[in-house]
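Following: one structure in structure tokens, then a few remarks.
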Amino acid sequence: MIFDKNYKILAVDDAKDSQMLLAFDLQSVGCEVISAGSGKIALSILATTDIDLIILDLHMPGLSGLATLEIIKDKGDWQMVPVIMLSSSDGENEIVSALELGASDYVVKPYISKVLFARMRTALRLREKTKALEDLAKTDFLTGIKNRACFDELCSNAISQAQRNKFPIVFAMFDIDFFKQVNDDYGHEIGDKVLIAFASCLAECFRDYDIVARIGGEEFAVCLPNTLMDEALIACERFRVTIAKMRVSLNNDTNKEVDITVSIGVASSTSATLDMTNLLRQADIGLYHAKSNGRNQVVDADQLLDNAIVTIGDFSEYTEEEKHFIKARESESEHANEAQGAFVIEGLEIEIGMANVLGDEQLYKDILLMFYQDHAGDVIKLSNAIENNDYESSKHLVHTLKGVSCSVGAMQLFEVTKLLDIAINEKNEASYAPLLKDVVTELNLVMQNIDTYLASATDS
Ligand SMILES: [Mg+2]
């Protein structure tokens, strides 16, 4: 199966035959295709429809491919949609401009469907990876609720909104009482179980538009936009009671359970200046009082304003989860490097080929296999062209070869095909034969080495 989902593709081309061919090819691999005959039509479709990927012709009358691309990449909502440009063979400068404007990739017309699919797959995977990373960066590893960074971002938006609309806003800080004792008595696994249960209870007790986050080890925070202090105190008290009643079972074979309590400090925008640091600091003062007054209680920090001594945590430090996240990502990229060094094929700069598919080794190998299947026969075709002085038929072949050799990292082959391609464009016929010879020699070498590699890969 070529694609793992039924992607919705917007195919933009002024040529009717090209549109039909794209629709046919893409539908045959399970994509849903919406065709557009101009840049303007494409933009109007984008405004009303969620699109997974755009295939965009460079040469169109009216709004050109580049102009359309520029508008797409300028619009916040559409920026993330990958765009693959369709270009005729001699549009090198335009391709560079398109890539600079944010196109994901390009395919030369007449396109080879396998190559188009491979590029689409890469672009779609990249977008999904990026999105997953973005989501991950906002989520607390253990509990699945928002993390500190995400809390800060959402809260500063909520505060600006409250300021603009003159709405009240409330911050509440939560700390599980004697949590260290839970870890010491039952171990970290149970400690984690308690944190997860606490977090899911917190998310359940507050409203969907409240911002609920884990901001430290056993510290949680909730921002309640458009809420009065009295309402927030009722919600926090209800949560405190729920937690006091909650039981977390130790494991399956005993009936033993852990019970916990929570201390809560609450501060509203009526008491502090409207700024997140101040509000959190104020809520923290409430929390501090709840702790020192015997825990398991909710404290209204607005009332403590005059006599508080402030101790603030250092938020510039990473939390354990953030450290864990950073470490995991570091080791992931180390593994990626190891994988890159895992195989060598002479004539190919594997790192370049792998970088083209963002280190996705399997995808690179798939593309390499396609490259071999599609172009191993070119050696004979090009040799015949030299023998018969028939350069016309090899023009297109050379151009395609130039593009794909760069994609797979066959850089020497890319260099020699590039020279030949230039000579063909400049109609410098005297140099065709010697350059073609260089291409055949290099192509032959690369294909033999890939063949050897593929054979050994099948053996093992
Ligand atoms: Mg066109």
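Derivation of every value follows stated rules applied to the coordinates shown; laboratory data play no part. Bear in mind that the values here come from a model prediction, so they are computed numbers and not experimental data. Every residue, glycine as well, gets a Cβ built from its backbone with ideal geometry; the counts of neighbours run over all protein chains shown.
A few points about this structure:
- Rounded to whole numbers, the Karplus 3J(HN,Hα) couplings from phi for the stretch 167-184 are 8, x, 9, 10, 10, 10, 10, 10, 9, 6, 6, 6, 5, 4, 4, 4, 4, 5 Hz, using 6.51 cos²θ - 1.76 cosθ + 1.60 with θ = phi - 60°, and x at Gly and Pro.
- Based on alpha-carbon atoms, the Kirkwood radius and the radius of gyration of the stretch 148-324 give Rg/Rh equal to 0.97.
- Rg and Dmax [Cα atoms of the stretch 168-269; Å; Rg one decimal, Dmax integer]: 14.3, 49
- Think of the stretch 168-212 as a dipole: +1 on every Lys or Arg Cβ, -1 on every Asp or Glu Cβ, centred on the Cα centre; then among Ile176, Cys205, Leu195, Cys205 lies furthest on the positive end.
- For the stretch 8-138, the Cβ-based charge dipole about the Cα centre amounts to some 380 debye (Lys, Arg positive; Asp, Glu negative; other atoms uncharged).
- Given charges at Cβ of Lys, Arg, Asp, Glu: the chain dipole, positive-most of Gly294, Asn384, Ile112: Gly294
- Subset of Lys114/Lys365; Lys75/Lys402; Lys138/Lys245; Lys146/Lys245 violating a 22 Å alpha-carbon distance limit: Lys75/Lys402; Lys138/Lys245; Lys146/Lys245
- Label positions at Lys395 and Lys40, each projected 7 Å from the Cα along the C-beta direction, are separated by 3.4 nm.
- Applying both filters, DSSP loop and at most 13 other Cβ atoms within 10 Å, to the GluC sites (Glu not before Pro) of the stretch 353-460 gives Glu392, Glu426.
- Reducing the stretch 55-84 and the stretch 415-458 to their Cα centroids gives an inter-centroid distance of 33 Å.
- Qualifying trypsin sites (Lys or Arg not before Pro) in the stretch 116-189, DSSP loop, other Cβ atoms within 10 Å at most 16: Lys166
- Derived scalar couplings between HN and Hα for the stretch 144-154 equal x, 7, 5, 9, 4, 4, 5, 4, 4, 5, 5 Hz in order, rounded to whole Hz, by the Karplus curve 6.51 cos²θ - 1.76 cosθ + 1.60 (θ = phi - 60°), x for Gly and Pro.
- Over the C-alpha atoms of the chain, the Rg to Rh ratio, Rh being the Kirkwood estimate, stands at 1.14.
- All-pairs alpha carbon distance profile, the stretch 8-138, 10 Å steps from 0, percent: 13, 48, 33, 6, 0
- Of the residues Tyr186, Ala430, Ser156, the one whose Cα sits farthest towards the positive end of the charge dipole of the chain is Ser156 (charges of +1 on Lys and Arg Cβ, -1 on Asp and Glu Cβ, taken about the Cα centre).
- Square roots of five times the Cα gyration tensor eigenvalues for the stretch 341-459, Å: 27, 15, 11
- Share, in percent, of DSSP beta bridges within the chain that are antiparallel, nearest 5: 50
- Cα centroid separation - the stretch 150-168 against the stretch 388-412, whole Å: 57
- Only helices enter this figure: runs of n ≥ 4 DSSP H residues, each worth -39500 (n - 2.57), summed and divided by the residues of the chain, yield -18500 deg cm²/dmol at 222 nm to the nearest 500.
- A protection proxy built from the mean count of other Cβ atoms within 10 Å ranks the segments 277-290, 60-73, most packed first, as 277-290, 60-73.
- Percent RCO, i.e. relative contact order, over the chain, from Cα pairs under 8 Å lying at least 6 residues apart: 9
- The stretch 368-376 - phi-based ³J(HN,Hα) in whole Hz, Karplus 6.51/-1.76/1.60, Gly and Pro as x: 4, 5, 4, 4, 5, 4, 7, 10, 4
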